[in-house]
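K.L.:
I'd like to ask some things about the structure below.
The values are calculated or read from the model by the stated rules, or taken from the named source; none is laboratory data. All figures in this text were calculated on a predicted structure; none of them were measured in a lab. Heads up, the Cβs are rebuilt from the backbone with ideal geometry, glycines too, and the neighbour counts pull from every protein chain shown. In case anyone asks, the SASA skips ligands and DNA or RNA and just uses the protein heavy atoms, side chains included. Shrake-Rupley method; radii C 1.70, N 1.55, O 1.52, S 1.80 Å.
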Amino acid sequence: MTETNVRTAQVLYPALRYADAHAAIRWLCEAFGFEKQEVYEAPDGTVAHAQLVLNGGMLMLGSAREGGVYPVKTPKQLRGVTGSIYVYVADPDAHCARARAAGATIMSEPRDTEYGSREYAASDCEGHWWSFGTYHP
């Protein structure tokens, strides 16, 4: 890979946990437009690892579990949110309408920002916060 490709290739991969990862995968695809790339099931039928893609970026996710190497909890389990994910989309207004129609909780309606972006914020089916907009540094 050339130096230019290294600088422009995705190097950060957000990873989230969901109590019902199979349902979350369906929901994220319907509401936010992700496409399933890979889903690996654990022996108990939960999601060990999944990869969803959108606009050239990738989200990794899996089922929430107690203990183990990654004992990550969901926002609902924590009763709060500790971070959010920002995703570039060309048309935030249309994206927001799609998300709303699929049941997303819209936290902030589409708006123009002082830094030149048009964006909105939504909460997904298990409480993770997302922002979608035209900001693309």
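K.L.:
Nothing charged except the Cβ atoms of Lys and Arg (+1) and of Asp and Glu (-1): what's the magnitude of the dipole of the chain about its Cα centre? Round to the nearest 20 debye.
P.N.:
It comes to approximately 240 debye.
K.L.:
Turning to a different aspect of this structure: Using only the alpha-carbon atoms, how far is helix 21-32 inclined from the longest principal axis of the chain? Give it as 0 to 90 degrees, nearest 10.
P.N.:
10
K.L.:
Using a 1.4 Å probe, what is the accessible area per residue for segment 69-126, in Å²?
P.N.:
61
K.L.:
So how much slack lies between residue 69 and residue 37, counting 0.36 nm per residue of separation and subtracting their Cα-Cα distance, in nm?
P.N.:
Values: separation 32, 0.36 × 32 = 11.52 nm, distance 2.36 nm.
Length gained between residue 69 and residue 37: 9.2 nm.
K.L.:
Convert each backbone phi in segment 34-51 into a coupling constant with the Karplus relation 6.51 cos²θ - 1.76 cosθ + 1.60 (shift: θ = phi - 60°), then list the ³J(HN,Hα) values in order as whole Hz, x for Gly and Pro.
P.N.:
My calculation for segment 34-51 gives 5, 10, 5, 9, 8, 9, 10, 8, 7, x, 8, x, 7, 8, 6, 6, 9, 10 Hz in order.
K.L.:
If you don't mind, another one. May I ask for the angle, rounded to the nearest 10°, between helix 92-101 and the longest principal axis of the chain, with both axes built from Cα atoms and the value confined to 0 to 90°?
P.N.:
Long axis of 92-101 versus the principal axis of the chain: about 40 degrees.
K.L.:
Lys/Arg Cβ at +1, Asp/Glu Cβ at -1, dipole of the chain taken about the Cα centre: which of 48, 61, 82 is farthest positive-ward?
P.N.:
Checking the options against the dipole of the chain, the answer is 82.
K.L.:
Now, a different point. Report Rg/Rh for segment 80-137, rounded to two decimals, where Rg is the Cα radius of gyration and Rh the Kirkwood radius. Intermediate values should be presented prior to the final figure.
P.N.:
Working: Rg = 10.8 Å, Rh = 11.4 Å.
Computed over Cα atoms, the ratio is 0.95.
K.L.:
Same structure again: What is the Cα radius of gyration of the chain over 2.2 N^0.38 Å, N being its residue count?
P.N.:
1.09
K.L.:
So if I take the centroid of the Cα atoms in segment 115-137 and the same for segment 38-85, what is the distance between those two points in Å?
P.N.:
Each part's Cα centre sits 19 Å from the other's.
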